[in-house]
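Just so it is clear, none of the values below were taken in a lab; they were calculated from the coordinates. From a predicted model like this one, the values you see are computed outputs, not experimental measurements. Every residue, glycine as well, gets a Cβ built from its backbone with ideal geometry; the counts of neighbours run over all protein chains shown.
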């Protein structure tokens, strides 16, 4: 999960623009479909299919950094899994992007308090070995205020503890330290950059994640310390004498790579050319096995569509599940999907991506325009028995859906409880055991109900081509 | 902490042998001392001195593997800390032992499910690179039952999950898999040995710890997987096809090293040659910073003695704090102490070591003979306001006190709540943030009260020379 900002922006752009087209239509869902969705919900709650799919991906493939050999295995896995689940149509769409690799990473305090530090390179960091005095800053603003040249030869270090929040709001400031900190360090003259991980745990688990360097700057080795290591380094600095650190990263960009969005469809009965899009992203960071980020999203949406396919009453429209390529390094799969499919935006009934872990879904909202509010409320009512609150107007689309939403596709948000998400996000600890099978089944049920009802509605949810140029990430 | 078995054995040997000498004496504690201990208890609860000492050791020295450069720094730190705290007498006693080093460790599943594994070499393991098919066993008995030669060229793997327990009882079976598993694997012909870590967490945190190879066997590379990695490997094996792992350890024994028991005393008023011994061990494993194992033991006993030294009414006897050398690899410091001081066993009023983390103390017991039961009860009564129960006859001495107890020294047990201890024990995660300062202050209070009262008693607790030969570990 990344790029929440862009998704939020897309949501804002979108909200204002639809109502003009509304006028007299009203989108509603037939009673028979509501009835069938209730049955589907109970069937999904009793099923372990979502968990079994995540188990299969994270075990058989494991970590799958975009562009790696394992990423290619993940694509083959997804295609085979769609087929073995009996999806009606399965295909691949190519996605290309720059390839980044991590080979090794070491760091240590040197001198009188010599000791190793646990850290991980930020995605996009160049390799290199830097030794220098640590200059500590309490937050991004403090580093951004450092005069040009003031950190010459030093290693800038931001020790900011990201706050815990159910909706992941703490990732805003935490993520900015990762995305903007390195460039701020370079402007002040630093030779290296360290940050306390953008996470909420207190384990020796560094959190990686993509960073970028502003145009015109020469990138410097940039890494995230685990929380205990960041606290240790701050205590050492507080002793008063200069603290020197040696940072040795072997990583970097290495040409172009390609992967694929892997797509599977459960065909609709009467309007098979119109689609409800659900999905997650197939790639993961290399440290963990990508269970909560985002094996869960892939597994639960595959399972939801499969269960819909087994319903006695097939929905009118097609359920399209997309396992997006390379979300982590810049929404490449989501952008490629939008570029290829936005000309057909009106055939997209609505879309929703799951990319915020595997916690229980607690809130539902969508971009439904006024004329679809009745159907939106019907969906919310069908979700209510799962403990899901209707929160109209809140949130935005998932990251890979963002570019499509910005282009005019209607979106829904099934908000997961992310209280613990940033304990594991982008760390070696993102493994299968962090997923509660019962919570995942609740997610499957919610996605199944949502997708089934949206695909069964008489009328649309407002997808309409818009002239929005997605920012170049 | 290790070698609970030996400590327990010493306890058993000891319990039966003392009562004969009892006869008409009765050991009791004067009322004025009881009063002073109550005041000391409240002062200790309000003090953060114990925590500050642990913070200083774990921050300024960090990891301190026995025989390493950092271990030497820890010895210098301990000597300086005793002096700066105003201890009346401070000295070092040399301890020598074989030196083991960890340089690097890597492992990966190879083949169709290629992925890295997180593990750590067991202390005492030789280095080497092994590639072989994994043969999984559910417990030690299953591996011990494997016929000779049946594992030729394979990597033996025991996936046993150690149970959680307040008193650490799960470490019995868990620890045996570490100490006896490698030899069992060799007997069956294995080329390498893997085990699920002897721990209770579910993080990517492997637990190290010493292992031994039985005489006449050629040691093989032996390592512990983190719990999620062990589960992953078991799932891969369960897929049915052979799973091959490549294990590359660079570690091993490298000659002799020396370190020191570091000793500080708060001098007694009327019987300064008689001592109450308290302490912890100064060395740690190399992965974490040795906060709960055993910076806590060192810090809390130093603080307890310092607070006793500040009492208006000094106790009759001397409080001796020992920061033991190299506990982790074989109780070298504890054995050296016993070898040097057991001729003076009758001058040791009683001893207690803290080496089970920093959880609240919930139970007190001792080896007090019948004639000292009144004093024992007085101590228990003074501890009761700290939430400590009197549990006569339970437990045994701490590991480094074990050899002295086996030689006739009276011992006390201040049992810490170890429910979470094996989440962090011997892992990179054993860091300062895992210590609750309030719980540590409760520990300081308990040790201060115990040591003060034992040092103030009229009469002894039964220390008496015994003919017991400590087993050669």
Ratio of Rg to Rh for region A:100-254, alpha carbon only, Kirkwood? 0.93
Normalised contact order of chain A, rounded percent, pairs of Cα under 8 Å and 6 or more residues apart: 26 percent
Please report the spacing between the Cα centers of region B:276-352 and region A:315-354 in Å, no decimals. 64 Å
Alpha carbon centroid spacing (whole Å) that separates region B:54-112 from region B:201-271: 17 Å
Please report the antiparallel percentage of DSSP beta bridges with both residues in region A:100-254, rounded to the nearest 5. 65 percent
What relative contact order, as a whole-number percentage, does region B:302-447 give when Cα pairs under 8 Å and 6 or more residues apart are counted? 33 percent
Cα convex hull of chain A: mean projected area in nm², to one decimal? 20.6 nm²
Count the DSSP beta bridges whose two residues both fall in chain A, then state the antiparallel fraction as a percent rounded to the nearest 5. 60 percent
Burial ranking of peptide ranges A:209-219, A:355-365, B:40-50, A:311-321 (average Cβ count within 10 Å, highest at the top): A:355-365, A:311-321, B:40-50, A:209-219
Calculated label separations, residue B:343, copies of the chain, 7 Å along the beta-carbon direction, nm: 9.7
At 7 angstrom along the Cα-to-beta-carbon line, where would the label on residue B:254 sit relative to the other copies? Give the distances in nm, shortest first. 3.0
Once both axes come from the Cα atoms, what is the angle between helix A:332-341 and the longest principal axis of chain A, in degrees from 0 to 90, rounded to 10? 30 degrees
Rounded tilt (10° steps) of A:171-187 against the dominant C-alpha axis of chain A: 40 degrees
Rounded to the nearest 0.05, what FRET efficiency do residue B:250 and residue A:142 give with R0 = 45 Å and r taken as the Cβ-Cβ distance? Could you check? 0.65
Using only Cα atoms, tell me the angle between helix A:4-15 and the longest principal axis of chain A; keep it within 0 to 90° and round to the nearest 10. 40 degrees
What list do you get for B:160, B:82, B:324 if you sort them by fewest beta carbons within 10 Å? B:160, B:82, B:324
Nearest 500 deg cm²/dmol is fine: what mean residue ellipticity at 222 nm does chain A get from its DSSP H runs of n ≥ 4 alone, each adding -39,500 (n - 2.57), divided by its residue count? -9500 deg cm²/dmol
Ranked B:24, A:58, A:391, A:27, criterion: other C-beta atoms within 10 Å, fewest first: B:24, A:391, A:27, A:58
Treating every alpha carbon of region B:75-187 as one equal point scatterer without solvent, the Debye formula yields log10 I(q)/I(0) values at q = 0.09, 0.10, 0.16 Å⁻¹ of -0.43, -0.51, -0.93
Each label sits 7 Å from Cα toward the beta-carbon; between residue A:52 and residue A:339 the label points are separated, in nm, by 3.8 nm
How big, on average over all directions, is the shadow cast by the Cα convex hull of the protein assembly as shown, in nm²? 40.0 nm²
Rounded to the nearest 5, what is the percent of antiparallel bridges among the DSSP beta bridges in the protein assembly as shown? 60 percent
Shortest first and in nm with one decimal, please list how far the residue A:148 label point sits from its counterparts in the other copies (point 7 Å along Cα→Cβ). 7.8
As a check on your reading of the symmetry: which chain A residue has its Cβ nearest the axis that brings A onto B, and how far is it in Å? A:203, 3
Exposure proxy order (Cβ contacts within 10 Å, fewest to most) of A:193, A:424: A:424, A:193
